[in-house]
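Novice: I have a structure here, written as structure tokens, and I will follow up with some questions on it.
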Amino acid sequence: MEQLVDFGHVQVVIDYDTGGVRCLIPAEPGPSTAPTASWGSTEHPAGLTAPHGRWSATAAVALAGVLAVKAAGKKKSAMRRLIKVLRAATSRTTHSATAEQAERAVLAVRRVAWFSPVRTACLEESAAVVVLLALRRRSVVWCHGVAPDPVRLHAWVQTDDGAPAAEPPSTLLYTPVLNIGDIP
């Protein structure tokens, strides 16, 4: 499933089956090159400072599950597998998570991810938050978006009021491309 976001000066195509990203420059006079896509955000000091919050065994299980889903099978289909897990997890929730519950879940996953021996950035962390809250029958909306100049991708969760959980204000600069999860 491909999604296209047109920013006027650049079109970003995200393939959610393979996780591939392409940037296209509309026809214009003169040579031009498409910017390269960047996964993640620059405002999170990942690996530089330990995140605050309590450690949680359930958060560790959720993150381990997400990492296992990504690692199982072919790398090219990891995004598709992850989306299936997110859809399954969100389909089993019964109540909306409060802003406080969502923030605590994000911080717990970030705390556990600090000790992870493999890549744990916004994609893995936000997916683990969805799984963690789903284990408690709570729902949030998982969002994946893109921002221009330079083109960058980001994943986060938000509550039923549309507020991103434990995210910097710059998250509002991202155009959501794929949202998973309905608030019951």
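Every read-out reported here was derived from the displayed coordinates using simple, explicitly stated rules and does not represent laboratory data. Since the model is a prediction, treat every value here as computed from it, not as a measurement. Cβ coordinates were reconstructed from backbone atoms using ideal geometry, including for glycine residues, and neighbour counts include every protein chain displayed.
Novice: Sort the following peptides by mean Cβ neighbour count (other Cβ atoms within 10 Å, averaged over residues), highest first: 97-105, 124-132, 4-12, 144-152.
Specialist: 124-132, 97-105, 144-152, 4-12
Novice: I would also like to ask the following. Please say if the stretch 68-184 is rounded, prolate or oblate, where rounded means a/c under 1.5 for a ≥ b ≥ c the square roots of the C-alpha gyration tensor eigenvalues, and otherwise the choice is prolate for a/b larger than b/c and oblate otherwise?
Specialist: Here the stretch 68-184 falls in the rounded category.
Novice: I'd like to compare 76-83, 88-95: which one has the highest average count of other Cβ atoms within 10 Å, and what's the full order after that?
Specialist: Packing proxy ranking, top to bottom: 76-83, 88-95.
Novice: How much net charge surrounds Lys75 when only other residues with a Cβ under 15 Å from its Cβ are counted (Lys, Arg +1; Asp, Glu -1)?
Specialist: For residues surrounding Lys75, the net value is +3.
Novice: Further question: How large is ³J(HN,Hα) for each residue in the stretch 70-86, as worked out from phi by the Karplus curve 6.51 cos²θ - 1.76 cosθ + 1.60 (θ = phi - 60°), to whole Hz, x for Gly and Pro?
Specialist: 5, 7, 6, x, 6, 4, 5, 10, 4, 5, 4, 5, 5, 5, 4, 5, 4
Novice: From the phi of every residue in the stretch 119-129, what ³J(HN,Hα) in whole Hz does the Karplus formula 6.51 cos²θ - 1.76 cosθ + 1.60 yield, where θ is phi - 60° and glycine or proline is x?
Specialist: Karplus values, whole Hz, x for Gly and Pro: 4, 9, 10, 4, 4, 5, 5, 5, 5, 5, 5.
Novice: Also, quick follow-up: Using a cut-off of 12 Å between beta-carbons, work out the net charge of the residues near Leu4 (Lys and Arg +1, Asp and Glu -1, Leu4 not included).
Specialist: With Lys, Arg at +1 and Asp, Glu at -1, the neighbours total -2.
Novice: Cross-link partners among aspartates and glutamates for Lys76, C-alpha distance below 15 Å, same-chain residues fewer than 8 apart left out?
Specialist: Glu2, Asp15, Asp17
Novice: Then there is this: What residues qualify as long-range amide H neighbours of Ser96, i.e. H under 5 Å apart, gap of 5 or more or another chain, H built at 1.01 Å from N?
Specialist: Ser139
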